[in-house]
1. Pairs of lysine in the stretch 176-261 with Cα under 22 Å and at least 8 positions apart or on different chains: total?
2. When the chain is modelled as a GNM with alpha-carbon springs shorter than 10 Å, which of 167, 286, 201 fluctuates the most?
3. I'd like the FRET efficiency for residue 214 and residue 333, computed as 1/(1 + (r/R0)^6) with the beta carbon distance as r and R0 of 41 Å, rounded to 0.05.
4. Quick check on the chain: take the gyration tensor over C-alpha atoms, sort the square-rooted eigenvalues as a ≥ b ≥ c, and tell me if it's rounded (a/c under 1.5), prolate or oblate.
5. Note the full-extension length gain between residue 294 and residue 136 as 0.36 nm times their separation in residues minus their Cα-Cα distance, in nm to one decimal.
6. Could you work out which residue, out of 156, 233, 148, moves most in a Gaussian network model of the chain, that is, has the largest mean-square fluctuation with Cα springs under 10 Å?
7. Multiplying the sequence separation of residue 309 and residue 68 by 0.36 nm and subtracting their Cα-Cα distance, what value in nm do you get?
8. List the residue ranges in the chain for DSSP H helices whose C-alpha atoms run 20 angstrom or more along the long axis and whose Kyte-Doolittle average is -0.5 or above.
Amino acid sequence: QEGDRVFNFAAGPATLPEKVLLKAQSELYDWRGSGMSVMEMSHRGKEFKSIIEKAESDLRTLLNIPQEYSVLFLQGGATTQFAAIPLNVCRPEDPVDFLVTGSWGDKAYKEAQKYCNPKVIWSGKTEKYTKIPSFEDLKQNPDAKFLHICANETIHGVEFKNYPIPNNATGLLIADMSSNFCSKPVDVSKFGIIYAGAQKNVGPSGVTIVIVRKDLIGNAQESTPVMLDYKIHDENNSLYNTPPCYCIYMCGLVFDYLLELGGLEEVEKMNKKKADLLYNAIDGSNGFYRCPVEKSVRSLMNVPFTLEKSELEAEFVKEAAKEQMVQLKGHRSVGGMRASIYNAMPLAGVEKLVAFMKNFQAKHA
Ligand code: PLP
């Protein structure tokens, strides 16, 4: 890392590519000869228009988003989408199915209860959210309006490696991709809606990206607030009201950078390499470190692990911080440690963590 920067393993807001931060720094005061910072620009001016259009176009290239999908840059976090989705695609009485593989899927389900009639068709809760079920065994409701999944559970470190086929009235699969968005290629055409808060892989907090199939737009429940209505945002190219301009600009710089790296196939290769290194260190520690998640569904992004001697966990986190590796404490609901290794975490950060883990083990074995 350059200068005084730490290796930041936070789950989000998370580390951003150094190159992107330096680029943003270089144009913070005067964006490309405009005499203004992006923070000071009118969202309706030609400068910002060029920024948001390029961000969208680069994202479309990265994810190969088909023309029949709209890309929306919204506010309110992924949490707002938990309500916006049923409000946009369901009537209050409509049944929908939820596959709950962690806390975020559970939160989405609970919020949906206010706006439609959701049912949990599978939950990993009794197994402490360490699994994804076999899709053949799922009992989907044929009348459901959609099937909802959380593609990567940030807290529990459980990631879908492939996706269930929605066997419901509309054939709609909807995914919260907040914590693995743009970490690997995704066949967007398999989904009705993909949504993601930006603050893990693609930018700062404050903007939420929604990729929605166009035929799903325009059916919002009557009481839907204007800010949650996809039709309003779609018709106005995400400029109905003042958007999170600076966040969109930062996402645009990240998209540009990911394309420069060679696109999402390359990004996935780098992410796999980092995750393999870390999981191998955990599995090869003779039980000193443990990851509870079933091997086949371990997340490439969020790696939860515990110490056999749990009384050493606080010391682990403290000692790591002394060596400039921060935010390794696990989520308060599960304890232990968690290393989030999103796109922008360099391989060197994971190598340093693994070396630290080996030393820590040698000291305390
Ligand atoms: N979904 C997932 C998978 C998340 O990891 C998070 C936040 O960490 C959220 C939803 C909530 O996102 P936000 O804080 O943007 O509302």
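1. 4
2. Result for the chain, Cα springs under 10 Å: 286 fluctuates most.
3. About 0.65, to the nearest 0.05.
4. oblate
5. So the chain would gain 55.1 nm between residue 294 and residue 136.
6. So, out of 156, 233, 148, the one fluctuating most is 233.
7. 81.5 nm
8. Helices meeting the span and hydropathy rule in the chain are 46-63, 245-260, 347-364.
None of the figures in this text is laboratory data; all of them are computed from the coordinates on show. Bear in mind that the values here come from a model prediction, so they are computed numbers and not experimental data. Positions of Cβ are backbone-derived with ideal geometry, glycine not excepted, and every protein chain shown enters the neighbour counts.
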